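Asks: One structure coming up, written as structure tokens, with questions to follow.
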Amino acid sequence: MAIRPKVTLHRPWARGFIWLPPGAPRRATKQPTAIGSPPRYLQDEFAFSRGFSKFCGSAGWASYERPFLCWAEAQGLEVDVISQADMIADPDLLTAYKCVVFVGHDEYWTWEMREAIEQYIESGGNVARFAGNFHFQIRLEDDGTTQVCYKDRVSEKDPLAGTKDERRVATDWSDPRIGWPGEQTFGLSSEYGCFAGVGGNAARGSGGFTIYDPNHWAFEGLYLGYGDVIGSEAQIFGYEVDGLDYEMIDGIPRPSARMKTPEGLKILAMGLASNLEQAYGRKGESLKWGDETTEVALRRYGVATEAARAAAARGSGMIVAFQKGRGSVFHAGSCEWVAGLQQHDPATCHVTRNVLDRFTRS
């Protein structure tokens with residue numbers, strides 16, 4: 001399969017990115033895969049049978065931004081919409097706001113975008129990220145109209161590799177040449193996710209987040225207990241999630257020494273993710289992602305030994321909160337958090353409102 005490292009931002013949007021019919025299946029299916037059955041990809045089946053883009057459930061206004069804005073407007077919240085490129089054009093753009101929200105599949109960022117949001121947080125801004133897959137550094141060229149990302153081919157293809165500007169290579173944020181792991185900004189990284197509730201990746205999980213810190217202010221008014229699960233009926237946990245390498249101490253997950261998380265970060269809730277769709281040769285078996293463990297092992301550990309690949313198959317998605325400088329961050333690391341808002345899931349709506357209320361009045 002040919003990979004294009006450069007795409008124009010002026011390309012047309014395919015069918016399904018702006019509008020989807022009510023009830024269109026989301027990437028993370030609400031129908032768990034039956035025991036003994038091969039995985040299905042219901043969103044792809046829907047797209048192929050009705051002439052929509054197969055990627056319409058992976059990104060786009062219809063799947064992510066619009067559901068959040070419809071919910072926010074119904075709540076009486078005033079929301080201004082900007083693109084992340086606007087943060088580059090005007091570094092002071094965010095200073096007028098107490099809270100900035102990111103939703104959905106939020107994968108590609110430039111160095112300048114991260115600098116802008118870091119400065120905003122340090123100066124007292126609050127960030128609510130209801131999104132997953134914080135993964136790649138990109139560059140914008142041609143006056144911001146061309147997006148560049150070389151991903152796993154950066155060493156042989158990116159002209160900045162091996163130069164004095166090597167920190168700007170367009171690849172995974174965890175690459176040691178960049179020296180700025182994703183968890184330093186938002187507390188989580190897709191490097192320790194990534195797939196859940198989709199295809200054969202963690203296909204029979206709860207679909208929600210398991211609570212480890214029920215007394216945190218984000219859950220106030222829900223009367224939760226340790227081990228409770230929120231959002232499972234709406235399948236808010238998936239399809240790509242952000243997590244951390246962690247250790248369990250007295251039943252509480254904490255970031256391992258491997259992670260470069262901000263001081264004081266707390267893991268409030270989590271679920272399990274996978275980077276391996278196990279092939280069994282069953283009738284009707286057709287895997288979309290297959291085995292991602294070699295690529296993940298090389299990025300995480302720098303080697304692809306059998307032990308490293310086994311470890312790379314395992315991941316997580318988390319909800320974390322922390323303070324940084326004068327500001328605060330709440331990060332529910334899942335692309336599908338908005339599915340809970342779209343389906344009026346009580347817990348998802350309540351947590352989102354708690355976060356936004358606190359961040360907009362602080």
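Read-outs: derived from the displayed coordinates by stated rules, not from any lab. Because the structure is a prediction, the values reported are computed rather than measured. Glycine also receives a Cβ, built like all others from the backbone with ideal geometry; neighbour counts cover every protein chain displayed.
Asks: Using only the Cα atoms of region 241-362, what semi-axes does the equivalent ellipsoid have when each is the square root of 5 times a gyration tensor eigenvalue? Give whole Å, largest first.
Replies: Numbers: eigenvalues 196, 92, 26 Å².
In descending order the semi-axes read 31, 21, 11 Å.
Asks: Turning to a different aspect of this structure: List the equivalent ellipsoid semi-axes of region 137-250 in whole Å, largest first, each obtained as the square root of 5λ for an eigenvalue λ of the Cα gyration tensor.
Replies: Numbers: eigenvalues 262, 54, 39 Å².
Output for region 137-250: semi-axes of 36, 16, 14 Å.
Asks: Lys pairs in the chain, Cα-Cα under 27 Å, at least 8 apart or on separate chains: how many?
Replies: 21
Asks: Could I ask something else about it? So, counting K/R as plus one and D/E as minus one, what does the shell of residues with Cβ under 15 Å around F130 add up to?
Replies: Every neighbour counted, the sum reads -3.
Asks: Here is a further query. Amide H of I138: which non-local residues (sequence gap of 5 or more, or other chain) have their own amide H closer than 5 Å, using H built in the peptide plane?
Replies: Under 5 Å from the amide H of I138 lie the amide H atoms of W109, T110, W111, each far enough along the sequence or on another chain.
Asks: I would also like to ask the following. Which cross-chain or sequence-distant (5 or more) residues have an amide H under 5 Å from the amide H of K324, H modelled 1.01 Å from N in plane?
Replies: Residues meeting the amide H criterion: V329.
Asks: Give the Debye-formula value of log10 I(q)/I(0) at each listed q (0.14, 0.17, 0.24 Å⁻¹), with one equal scatterer per alpha carbon of region 18-124, two decimals each.
Replies: With one equal scatterer per Cα and no solvent, log10 I(q)/I(0) is -0.74, -0.93, -1.30.
Asks: Can I ask one more? Identify which of D92, D158, D245 has the largest mean-square fluctuation in a Gaussian network model of the chain, with springs joining Cα atoms closer than 10 Å.
Replies: Between D92, D158, D245, it is D92 that shows the largest mean-square fluctuation.
Asks: Based on DSSP H runs of at least 4 residues, each adding -39500 (n - 2.57), what is the mean residue ellipticity at 222 nm of the chain after dividing by all its residues, to the nearest 500 deg cm²/dmol?
Replies: About -6000 deg cm²/dmol.
Asks: Take the alpha carbon atoms of region 117-155, find their center, do the same for region 167-236, and report the distance between the two centers in whole angstrom.
Replies: Result: 18 Å between the Cα centres.
Asks: So what are the ³J(HN,Hα) numbers for region 210-217, from phi and the Karplus equation (6.51, -1.76, 1.60; θ = phi - 60°), rounded to whole Hz, Gly and Pro as x?
Replies: 7, 7, 10, 10, x, 8, 5, 4
Asks: Rounded to the nearest 20 Debye, what is the dipole magnitude of the chain about its Cα centre when Lys and Arg each give +1 and Asp and Glu each give -1 at the C-beta?
Replies: Values: 39 positive and 46 negative charges, 157 e Å.
Around 760 debye, computed over the chain.
Asks: Right, something else. Rg(Cα) of the chain divided by 2.2 N^0.38 Å?
Replies: Relative to the 2.2 N^0.38 Å estimate, the chain comes out at 0.95.
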